[in-house]
Amino acid sequence: MTTRTRYFVIASLLVIGVGLGTGLVAYFVGFPAGAFQRRGGPEELGLVPRDATVVAYADVHDVMTSELRQKLHSALPLPENGQRELQEHTGINIETDIDRVVACLNPDGESSHAPGAGMVLARGRFDETKIEALMREHGGHVEEYKTKRLVVADPSPSRPGTFALAFVEPGLIALGSARLVRNAIDLHQTGNNPQAGLESVTGNEELMNLVRALDTGNAWAVGRFDALTSHAHLPESVASQIPPIAWFSVSTHVNGGIRGVIRAETRDEEAANNLRDVVRGFLALGKLQTGAKPEIETMLQSLQLGGTGKTVALSFDVPLQVFDLVSGLAKKQVR
Amino acid sequence: MLWSRRSVFLGILLGGPVVLAAIVRIVVTLYARGFRINGATAAGSTVFGLMIWLLYIRFIVPILGVFFGTALIADEVDDKTITYLFTRPIPRRAVLLGKYVAYVACTVLLVLPSVILVFFLIVPMGGSTIAAEFPALLSDLGMLAAGLIAYGAVFALVGTRLKRPLIIGLVFAFGWEPAVLLFPGYLKRLTVAYYLQGLVTHEMPQDSVVSTILQRFLEFPSVPVSLLSLAVIVALALWLAGRAVEEREYVLEQ
């Protein structure tokens, strides 16, 4: 063996050895992408309880100022009752006051109310005095909880004191289920303390792996699929046809259109293959039927099925032209 | 074998995916918008899967097999050095087998580092994690090694049996195999690619409506069937190649 052949063999074996060694450490120890990746997710996740079944994030400012939203807003003057109702009750204007939100859905231990208890952590600019006064006007009362002011309201007479709003820190409010809001304050003050039964979702490795795997979109959601289907009241014939999906995640980037990735983690590889087959069938059918509509065809061409093992991923890109088409059709129907 | 002009060219060829992966990674890092396929953001694992399919399985592995496999004996004939090998007190098939083992070692040491570098450059993009994709990398490395072993054996047979083995090898790898795989029926079982595709864990790229529809109806053999079939192909091809070397009379042109 010549010297340079020896060097070649050593270099090759070194690359293979270091590569496999790093991969093995990553696989068994569980560091996400080696030394190259962040902890994953926004810092507000540290206030979401560990048992959250669905976690969602939206960069509200980015979405509200997006070209798509402006276009939809001018083309389709949709009723914004929810937005107005929130502003009337709490004084929070979603468009101007909020920068980003993290929302979660947790199993509701106190009642069997579907779909469980929810909480929204909103970061932005809030007028605390105005918000508190408005909530008092609507029947809310102020409580002190661990040095934080908690405004508790009754969303309905049957469920008194189940809605609360708290100013967790300057520029951060928590609103939603009173139990979850108190939990968020606990987590904010003491941090993770599993021994005391207080742990945030950042300790849920399975969910956090999915959060880390999300694209750098301005809106995403991750959750347990059964948490959705159990409250969907689907007919038995439909429910039995749904593949056994354990986790789902959706990551989107809203700007001049919507692009993103939908991922599903199935229980086993066979289920993933079946799901891929189903999606592939629909894609082929869709692509065959959209020859005459170039806008839809562009969108369908962008659908890319991927994923390995138990993961099925479908990336998509809905261009602005598709929304133009939809808004045109909607206007025709209104006329 | 390792330092011939052909090997240097193929080394550059294998560096191509690494350079491509590095460029993609730099662009994605600079612009932070993710890698996009048909306008949609794709995860690093999806991009890596595409590279494995399009660059390695469909191009690099067959071309390495063709260039090195056909050259095992043919080069010695062309260089008129085969006499020196065959006058050694060892069976002729042992010479072939030794050269074949050297081919496997060289190509595996060329391809696997290239794949590993591409994996570490591409997979951490778009949110995929090395930890989650590591099992897929292991199966890819195994699959590519199996492909190199199988193609090498088949083209070693071509090199010992036929005249102009390089042209015939290229026609087989880039004409016969891709064409036959598209036809329904049993002809595809006469290819190496059919069994190799049974070992791939990544989703096949859907580059057109036709490929999407075809993919829907394509059948892949199971992993045990693929491995067994590849083992049979290798054993049969090497045995026939060995026999050809033993029986054939090589007349060296003066």
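Taking springs between alpha-carbon atoms closer than 10 angstrom, which of B:Ser222, B:Ser114, B:Ser45 fluctuates most in the Gaussian network model of chain B? Of the options given, B:Ser222 has the highest mean-square fluctuation. The alpha-carbon of B:Lys188 sits under 20 angstrom from the alpha-carbons of these aspartates and glutamates, leaving out residues fewer than 8 places away in its chain: B:Glu177, B:Glu203, B:Glu219. Close amide-amide hydrogen proximity is noted between A:Tyr145 and A:Leu150, each under 5 Å apart and 5 or more residues distant or on a separate chain (H modeled in the peptide plane; Pro and chain starts excluded). Per-residue mean of foreign Cβ neighbours for B:108-121 is 4 (Cβ atoms of other chains, 10 Å radius). A Cα-only calculation for segment A:164-262 places Rg and Dmax at 17.2, 50 Å.
Shielding of peptide A:20-26 by partners, expressed as the average count of other chain Cβ atoms within 10 Å per residue Cβ, is 5. Cross-link partners for B:Lys163 among the aspartates and glutamates, with Cα-Cα distance under 17 Å and sequence neighbours closer than 8 places in the same chain left out: B:Asp75, B:Glu76, B:Asp78, B:Asp79, B:Glu246, B:Glu247, B:Glu249, B:Glu253.
Kirkwood hydrodynamic radius of chain B from all distinct Cα pairs, in Å? By the Kirkwood definition, the hydrodynamic radius is 19.5 Å. Between 0 and 90 degrees, rounded to the nearest ten: what's the tilt of helix B:5-31 against the longest Cα principal axis of chain B? Computed tilt is about 0 degrees.
Just so you know, all these numbers are worked out from the coordinates, no wet-lab data involved. Please read these numbers as outputs of a predicted model, since none were measured by experiment. As a convention, Cβ positions derive from the backbone with ideal geometry for all residues, glycine included, and neighbour counts pool all protein chains shown.
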